[in-house]
Amino acid sequence: MILKRNYVAVSTAMFMMGTVAGFSQSIPSLKDAYKKDFGIGTCLNNAQIEERDPATTAFIASQFNMATPENIMKSALLHPKWDTYDFTMGDKLIEFGKKHNIKINGHTLIWHSQLPSFIRGIKSADSIRTFFTDHIKTVAGHYSGKVYSWDVVNEALNEDGTMRKSVFLQYLGDDFVTEAFRLAQQASPKTELYYNDYNNEQPKKRAGCIELVKKIKAAGVRIDGVGIQGHWHVGKVPFKDIEESILQYAALGVKVMFTELDIEVLPRNFQGADVGQRMTANAQSNPYPDALPDSVQQQLASDYENLFKLFLKHKDKVTRVTFWGVNDGDSWLNGWPIRGRTNYPLLFDRKNQPKPAFDKVIALKK
Ligand code: G3I
């Protein structure tokens with residue numbers, strides 16, 4: 001079947017019943033199309049987790065079978081004070097997952113960014129170790145049996161494959177990654193445990209990532225998978241490096257997943273997703289405030305098509321593909337590295353209508 005644009009809106013009830021019978025142009029389901037291949041995920045923000053808009057909830061449930069919290073399980077939000085944890089939103093996410101049959105990937109236990117503000121006042125290794133240990137034990141313990149998996153450590157590497165100079169490296173040394181996995185395994189024994197990073201498909205960073213996985217395994221500690229975030233640029237997706245990375249990570253005996261997929265279409269003078277990096281706005285920085293030109297739209301569609309061809313080729317190794325946002329309007333790329341731009345990095349437009357990229361990805365399964 002050739003898919004047409006301008007799909008009709010399908011009622012909430014129809015989505016929830018999982019049927020689209022009678023709606024000849026209703027939106028096909030990504031998760032259903034790929035159900036025999038790998039999981040299809042999205043990140044979720046507060047409004048989505050709280051189900052503030054029933055049509056959005058139904059849309060999410062119809063398209064995705066896995067989800068990662070965009071922010072609410074980061075330590076600044078879950079652990080706002082030294083001895084205070086706030087599980088309110090995280091618990092709502094667990095309920096959301098149960099209700100809609102969506103597996104939850106916890107994100108993230110140990111990350112140098114979005115840390116609680118009290119960390120800045122700590123200047124002793126003992127106190128950092130106490131924070132580190134208590135945080136993992138308490139959070140992983142609270143969600144044990146409730147989340148399917150954890151991004152145990154996020155973004156611990158520099159681009160050249162060396163360890164990033166984080167507060168954890170500074171005070172705990174480079175064994176902190178292994179220790180994080182050891183503690184997570186103890187607190188949540190049945191949960192899959194992953195290392196997650198951006199640009200770790202690039203050869204130097206990949207080599208550092210491989211060393212980390214080997215080190216964790218050599219210590220007798222479990223690591224189940226490596227997440228390649230997949231924040232790429234239109235027309236510049238590094239297909240060869242991605243394929244090589246799938247093969248090299250899988251050869252270590254770990255699962256490979258694409259955990260934060262989006263394809264940037266706006267001008268940027270650097271690659272990656274280091275949230276500390278910013279750019280200054282100028283007259284050229286927001287070139288498509290009203291619509292994406294057809295040439296870029298077609299390139300985006302072709303990039304997504306080729307990516308999914310690659311994922312399918314290695315479906316025995318790739319276990320999940322998660323988009324970093326449900327639709328273009330939700331994407332963090334509208335606000336980073338320059339605030340207030342209009343970006344188009346995902347498969348659905350701002351009204352949850354499929355873009356040509358979606359049609360290509362679905363057509364691979366026809
Ligand atoms: O919650 C506050 C709100 O109270 C305040 O009014 C508002 C004003 O700016 O900020 C809100 O916090 C923002 C938060 O998102 C929630 O919307 C932060 O400023 C903003 O920095 C934060 O951005 C998140 C970013 O991580 C922070 O590091 C993005 O939403 C989120 O998409 C992004 O996700 C990361 C992954 O976790 C790791 N990999 C890279 C990826 C993209 O940066």
- [ ] Please say if the range 188-239 is rounded, prolate or oblate, where rounded means a/c under 1.5 for a ≥ b ≥ c the square roots of the C-alpha gyration tensor eigenvalues, and otherwise the choice is prolate for a/b larger than b/c and oblate otherwise?
- [x] oblate
Task: Nearest 10 degrees, 0 to 90: helix 125-142 Cα axis against the chain principal axis - done: 50
Open item on the list: For the range 277-323 and the range 240-263, what is the centre-to-centre distance using only Cα atoms, to the nearest Å?
Closed with: 17
TODO: Before rounding to the nearest 500, sum -39500 (n - 2.57) across all DSSP H runs of length at least 4 in the chain and divide by the residue total; then give [θ] at 222 nm in deg cm²/dmol.
DONE: -11000 deg cm²/dmol
- [ ] Evaluate the relative contact order of the chain (contact order divided by residue number), counting alpha-carbon pairs under 8 angstrom at least 6 apart; express in whole percent.
- [x] 16
TODO: Measure out, as a whole number of angstrom, how far apart the alpha-carbon centroids of the range 29-99 and the range 121-199 sit.
DONE: 21
Open item on the list: Suppose the chain between F270 and K351 were pulled fully straight at 0.36 nm per residue; how much longer would it get relative to their current alpha carbon spacing?
Closed with: 26.2 nm
Open item on the list: Output the 0 to 90 degree angle, nearest 10, between the alpha-carbon long axis of helix 176-187 and the longest principal axis computed from the alpha carbons of the chain.
Closed with: 80
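Provide the three semi-axes, in whole Å and in decreasing order, of the ellipsoid equivalent to the range 186-316 as defined by the square roots of 5 times the Cα gyration tensor eigenvalues.
32, 17, 13
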- [ ] Please say if the range 55-181 is rounded, prolate or oblate, where rounded means a/c under 1.5 for a ≥ b ≥ c the square roots of the C-alpha gyration tensor eigenvalues, and otherwise the choice is prolate for a/b larger than b/c and oblate otherwise?
- [x] prolate
Task: Burial ordering of H142, H79, H107, fewest other beta-carbon atoms within 10 Å first - done: H142, H79, H107
Open item on the list: How far apart, in nanometres, would the label points at A76 and K313 be if each is projected 7 angstrom from Cα along the Cα-to-Cβ direction?
Closed with: 3.9
Open item on the list: Using a 10 Å cut-off around each Cβ, can you sort W336, W111 from fewest to most neighbouring Cβ atoms?
Closed with: W336, W111
Task: Other-chain or far-sequence residues with amide H under 5 Å of E264's (modelled H) - done: W232, H233, V234
Open item on the list: Taking the beta-carbon count within 10 Å as an exposure proxy, list L307, L312, L346 from fewest neighbours to most.
Closed with: L312, L307, L346
Open item on the list: I'd like the antiparallel share, as a percent to the nearest 5, of DSSP beta bridges with both residues in the chain.
Closed with: 10
- [ ] Report Rg/Rh for the chain, rounded to two decimals, where Rg is the Cα radius of gyration and Rh the Kirkwood radius.
- [x] 0.95
Open item on the list: Tell me the angle of helix 294-313 to the major Cα principal axis of the chain, expressed in degrees between 0 and 90 and rounded to the nearest ten.
Closed with: 60
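Throughout, read-outs are computed from the coordinates displayed, never taken from laboratory work. Being a predicted model, the structure only gives us computed values, none of them experimental. Methodologically, a virtual Cβ is constructed for each residue, glycine included, from the backbone with ideal geometry; neighbour enumeration extends over all protein chains shown.
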